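Asker: First the structure, then my questions, so here it is.
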Amino acid sequence: MMSTRTVLLAAGLSVTAGMASATDYDALRKDSRMHNELLGASIAYLIDENCSSLTLRKFRLLNKAFSLRSHAVGLGYSTREVMDYVDSKAEQDRFRAIAEPMLAKRGAKPGNEASYCAIGRENMEKGTFSGTLLTEG
């Protein structure tokens, strides 16, 4: 089952569909903006998944996806290649493997909704990338 993050990013990134499919995503992995924003989206998604009182701001996420897609196209990737990268199960797992320990280090505990909510609200107050993707409700 695809996550909300994947669906929104894929929708935002799939405005056009190229024929080529990138197998070397090294430039995307090394680009600090790509990394930071996808990691921030992963963190927001995990908070949304584990805190029922905070939800993803789906239109904001979609807007960020369009902007990030434009950035990636500027790196030389087609829209289709960027969509394949974002939709890649391996890349989603890679970002989750980075985000989960970061949240745990800040006090998130599996099964403890309040711990995720506290981190989410702190991110919202600080205006972090992941915080801008969350809202109460």
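Laboratory data are not the source of any read-out in this text; all were calculated from the coordinates shown. No experiment lies behind these values; they were computed from the predicted model shown. A quick note on method: Cβ atoms are made from the backbone with ideal geometry, for glycine too, and the neighbour counts reach across all protein chains shown.
Asker: Give the whole-number value, in cubic angstrom per residue, of the convex hull volume spanned by the C-alpha atoms of the range 53-137. Numbers along the way, then the final one.
Answerer: Details: hull volume 9.5 nm³, N = 85.
Residue-normalised Cα hull volume stands at 112 Å³.
Asker: Listing Val86, Val73 from the residue with the fewest other Cβ atoms within 10 Å to the one with the most, what is the order? The partial results should precede the final answer.
Answerer: On the way: Val86 26, Val73 15.
In order of increasing Cβ crowding within 10 Å: Val73, Val86.
Asker: To make sure I understand, if each residue's beta carbon is the centre and we count other beta carbons within 10 Å, what order do Ile47, Ile119 fall in, fewest to most?
Answerer: Values: Ile47 27, Ile119 23.
Arranged by neighbour count, lowest to highest, Ile47, Ile119 become Ile119, Ile47.
Asker: Tally Lys and Arg at +1 and Asp and Glu at -1 over the other residues with C-beta under 12 Å from the C-beta of Tyr116: what net charge comes out? Numbers along the way, then the final one.
Answerer: Numbers: positive: Arg106, Lys109, Arg121; negative: Asp48, Glu49, Glu100, Glu113, Glu122.
Spelling it out: positives minus negatives among the neighbours equals -2.
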